[in-house]
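The structure appears right after this line, and notes come after that.
Every number in this text was worked out from the coordinates using simple rules, so none of it is lab data. None of these values were measured; they are calculated from a predicted model. Cβ coordinates were reconstructed from backbone atoms using ideal geometry, including for glycine residues, and neighbour counts include every protein chain displayed.
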Amino acid sequence: MQPKDTTTNEAFKGFTNTACPFLPCHTGVRGAFNCLFCYCPLIAYECPGPYTVFTDRNGLRRKDCSACTLPHNGYRGAWTFIQKWLERPVVWDGREQTRRYRKKPLRTKPPRT
Ligand code: SF4
């Protein structure tokens, strides 16, 4: 088995669990639906995702990531995104998202005239 940084096989970067009863758990995903990061590794860290913040019954501030598709957008895309943000992880301090999240519009065909 080759280490993942020397192999040309990118199968480790994602998969789609077509047997999951919740698929698709998020709408608006681009490319193949990547289930590898079903539990996002960035949940405890700063991230650029469009999360909102709520306080749970124990008084802890938590992210609600319902609107985020970043860990699911394609095999290579989601893998690259997660690796980039885990390079220098910064622990999330419970604050609201302040980064401006821009969701690219889905490509649609122009209407025929
Ligand atoms: S907002 Fe997106 S990237 Fe950030 S922790 Fe939630 S699922 Fe992960």
Taking the Cα centre of the chain as origin and charging only Cβ (+1 Lys, Arg; -1 Asp, Glu), how large is the dipole, in debye to the nearest 20?
600 debye
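Report, please, the projected area of the stretch 49-93 averaged over directions, based on the convex hull of its C-alpha atoms, in nm².
Taking a quarter of the hull surface, the average projection is 3.7 nm².
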What is the local net charge at residue 97, summed over the other residues whose Cβ is closer than 11 Å to its Cβ (Lys, Arg +1; Asp, Glu -1)?
+1
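For the chain, what does the helix formula give at 222 nm: sum of -39500 (n - 2.57) over DSSP H segments with n ≥ 4, over the residue count, nearest 500 deg cm²/dmol?
-3500 deg cm²/dmol
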List 53, 91 from most exposed to least, where exposure is judged by having the fewest other Cβ atoms within 10 Å.
91, 53
Separation in nanometres of the label points that stand 7 Å from Cα toward Cβ, at residue 23 and residue 7:
2.0 nm
Rough spin-label spacing in nm, given labels placed 7 Å along Cα→Cβ, for residue 44 and residue 64:
2.4 nm
What does the chain give for Rg and for Dmax, in Å, if only its C-alpha atoms count?
16.3, 58
